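Peer 1: First the structure, then my questions, so here it is.
Computed from the coordinates by the stated procedures, all read-outs in this text should not be read as laboratory data. Please read these numbers as outputs of a predicted model, since none were measured by experiment. Using ideal geometry, Cβ is built from the backbone for each residue, glycine included, and neighbour counts are taken over all protein chains shown.
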Amino acid sequence: MSIDTSKSLLLAPGPVQLHPEVQKILSLPMIHHRTPEFDQILKSVLSDLKTLFVTNEKVFILTSTGSGGMESLLINVIKPKSKVLAIISGKFGERWAEMAEVFGAQVHKMVVPWGYAVNPAYVEKYLNENPDTEVVLTQACETSTATVHPIEQLSKVVAKTKALFLVDAITALGAMPLPMDAWQIDGLVAGSQKAIMLPTGLSLISFSQKAWEQIKTNPTPRYYFDVRRELAANEKGETFFSSNVTLIRALAFVLKDIKTQGLESLYKTIKRRADYTRNIAKHLHLEVYSKAPSDSVTALNLPSNFDGAKFREHLEKAYNLTVMGGQDQLKGKIIRLGHMGYITDQDLHQTTERLAAGLNDFGMTLDLQTVRDASLLWLKDN
Ligand SMILES: Cc1ncc(COP(=O)(O)O)c(C=O)c1O
C-alpha cells in the first residue's frame, strides 16, 4: 500500500505547525518597535491576551522561551528561604523545583509517580500541616508524561491559604480551560511554540492581585524579568526591552483568530485531535501512557522490544514525520504526539498511516487498510 510522505509533518508537543497566515506574517519586512504602527499592534495584543488568559489582570510578553516565563513568575514573588511546595510529576516539575532552589527557596518536593495527576487532598493536607508555605508550583500539563493536573481543584485548595499558586501552563494555556481569575490562579505562564501556535521565543505571564501585593514589596534582586519594569513600560505603550516585533505581529493574528472562533471552540478542536489519537491508538495496538491524559499531547507506550530512539528516527527518515520520544525514565519507551498548532484532518490521517507503516517496519503486523479505514471513519463521524 502506498503512503504519501510528501508533506513534512511536525506533531511534536511544541514547536508546532504554523498557520499559513502566520508564516506570511513572519516574513513581512521588519519595522521598528518604537513606531505608531507597532504601538497599535502592541496595544491590541496586550488587550487580547486578557481574553486568552481569561483575566482582568495585565498580561506581559517576555522575549524568552517558556522557562524564562517560569523564572519570571518565581523571582517576582519568592525571597531567599521562601517556603515552596513543588508538585513534581515529570521533567518540567523537576525543572521548576530546581529553579526555586537556585534562587534560595526552601523547596518541599511532592513527588507524584510519572503518568499520574496529583491528588488535591494531599496538597490540602500538606498545606494544613505547613501553613507557612508561601508558594505552590505545578504544571497544568506535565508535557513529559502528557498528563494534566486538576488545576481548578488545586486552586481552590491553595486559595484558602496565604500561599500563591503558580501554574506552568506552557503546554496548556490555549489548549484547555484555565480561567485565571475565576480559578484564582496567582501566576500563569504560557509559551509561544505550543497552543499559541507561533515559533519559539515568547513567554506570556500574568499575576493575580494577591501576587502583586507580594511583587511590590519583594526585595529579591531582579532586572530582565522584573515585571514592575515591564508594567511601567506597558503603561507607556511600550515593552521595556526591544520588542520581538516579528512574533508579536504574528501573535496579533493568532489572538484575533482565537477571538473570532472563541476559546471554547479552540479547546474543542484540540480535544478532538486528542480523542482521535486515543481512538486510533487502539487500532495501532498501543496503550495510552498517562492515567490522566492531556488534550495537548498524547503519550503512547511502545512495544517493549522497540528501541524508541531508533523508531523515531525511522519515522523521520522513512516517513517524514516528527513526533517526540520520552525523557529520562521514559526514554525510548514512549512516543508523544502533539495536538496543538495548525493540524488538518489530513495531517491526522497521514500521521496514522505513517505511524502504522513504521510500526510494521519494526515488526508489528497491523492491517494497514483496517487502520486507514478506522481513521477515515472516525474523522468523518466526529
Ligand atoms: C510544561 C512545560 N514547561 C516548561 C517548558 C519549557 O519551555 P521552553 O523550552 O520554551 O523553555 C516546556 C517545554 O516543552 C513544557 O512543556
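Peer 1: Order these by the 10 Å Cβ neighbour count, fewest first: Val111, Val189, Val59, Val136.
Peer 2: The fewest-first ordering by Cβ neighbours comes to Val111, Val59, Val136, Val189.
Peer 1: Also, I was wondering about something else. Taking Cα pairs under 8 Å and at least six residues apart, what relative contact order does the chain come out at, in percent?
Peer 2: Averaging sequence separation for qualifying contacts and normalising by length gives 23 percent for the chain.
Peer 1: If you build a Gaussian network model of the chain, linking Cα atoms that sit under 10 Å apart, which residue out of Ile215, Ile205, Ile196 swings the most?
Peer 2: Ile215
Peer 1: Any idea how far apart Asp132 and Leu368 come out in nm if each label point goes 7 Å out from Cα toward Cβ?
Peer 2: Those two pseudo-labels are separated by 6.5 nm.
Peer 1: Excluding same-chain residues fewer than 8 positions from Lys236, which aspartates and glutamates have a Cα within less than 14 Å of its Cα?
Peer 2: Asp39
Peer 1: Continuing with this model, one more query. Based on the Cβ-Cβ distance of Lys24 and Phe241, what FRET efficiency does E = 1/(1 + (r/R0)^6) give at R0 = 35 Å, to the nearest 0.05?
Peer 2: Values: r = 26 Å, r/R0 = 0.75.
It comes to 0.85.
Peer 1: Next up: What does the helix-only formula give at 222 nm for the chain: each DSSP H stretch with n ≥ 4 adding -39500 (n - 2.57), the total divided by the residues, and the result rounded to the nearest 500 deg cm²/dmol?
Peer 2: About -14000 deg cm²/dmol.
Peer 1: Give, as ranges by residue number, the residues of region 54-82 whose backbone N falls under 19 Å from the point 7 Å along Cα→Cβ of Lys271.
Peer 2: Of the residues in region 54-82, 54 have backbone N under 19 Å from the label point off Lys271.
Peer 1: Please give the length that would be gained between Lys331 and Thr51 if that part of the chain were fully extended, namely 0.36 nm times their separation in residues minus their C-alpha to C-alpha distance (nm, one decimal).
Peer 2: That works out to 97.1 nm of additional length.
Peer 1: What's the long-distance tail for region 252-382, i.e. % of Cα pairs beyond 18 Å?
Peer 2: 55
Peer 1: Now, a different point. Where does the charge balance sit around Phe253 when Lys and Arg score +1, Asp and Glu -1, over other residues with C-beta under 13 Å from its C-beta?
Peer 2: Cβ neighbours under 13 Å give a net charge of +1.
Peer 1: Quick check: residue separation of Asn279 and Met1 times 0.36 nm, minus the Cα distance between them. What number comes out in nm?
Peer 2: 97.8 nm
Peer 1: Let me ask another. Could you give the nm distance between label points at Glu316 and Thr344, where each point is 7 Å from its Cα heading toward the beta carbon?
Peer 2: 2.5
Peer 1: Work out, step by step, the length gained on full extension between Val111 and Thr220: first 0.36 nm times the residue separation, then minus their alpha carbon distance; give nm to one decimal.
Peer 2: Working it through step by step, the gained length comes to 36.5 nm.
Peer 1: At a Förster radius of 51 Å, what calculated FRET efficiency corresponds to the Cβ-Cβ distance of Ala233 and Lys380, to the nearest 0.05?
Peer 2: Calculated value: 0.50.
Peer 1: Starting from the Cα of Lys109, draw a straight line to each of the lysines and keep only those under 25 Å, dropping any in the same chain fewer than 8 residues away.
Peer 2: Lys79, Lys81, Lys83, Lys91, Lys125, Lys156, Lys160, Lys162, Lys210, Lys291, Lys331
Peer 1: Roughly how many nanometres apart are two label points built 7 Å out from the Cα toward the Cβ at Lys160 and Ser8?
Peer 2: 5.2
Peer 1: Expressed in nm², what is the orientationally averaged projection area of the convex hull enclosing the Cα positions of region 45-105?
Peer 2: 5.0
Peer 1: A further question on this structure: Within 10 Å of each residue's Cβ, count the other Cβ atoms and sort Met110, Met70 from fewest upward.
Peer 2: Ascending Cβ contact count within 10 Å gives the list Met110, Met70.
Peer 1: Using Cβ counts within 10 Å as a stand-in for footprinting exposure, how do His108, His149 rank, fewest first? Intermediate values should be presented prior to the final figure.
Peer 2: Values: His108 14, His149 27.
Taking fewest neighbouring Cβ atoms as first place, the list is His108, His149.
Peer 1: May I ask you to work out the translational diffusion coefficient for the chain at 10 °C, viscosity 1.306 mPa s, via Stokes-Einstein with Rh from the Kirkwood sum over Cα pairs, reported in whole µm²/s?
Peer 2: Reported coefficient: 74 µm²/s.
Peer 1: May I ask you to derive the relative contact order of region 76-130, considering only C-alpha pairs under 8 Å and at least 6 residues apart, and to give it as an integer percent?
Peer 2: Taking the mean separation of contacting Cα pairs over the length of region 76-130, I get 38 percent.
Peer 1: Continuing with this model, one more query. Considering the chain as a Gaussian network with a 10 Å cut-off on Cα pairs, which listed residue, Ile334, Ile31, Ile280, attains the greatest mean-square fluctuation?
Peer 2: Ile31
Peer 1: Oh, and also: Just Ser72, Ser242, Ser294 to compare: in a GNM of the chain, with alpha carbon springs under 10 Å, which one fluctuates most?
Peer 2: Its mean-square fluctuation being the largest, the pick is Ser242.
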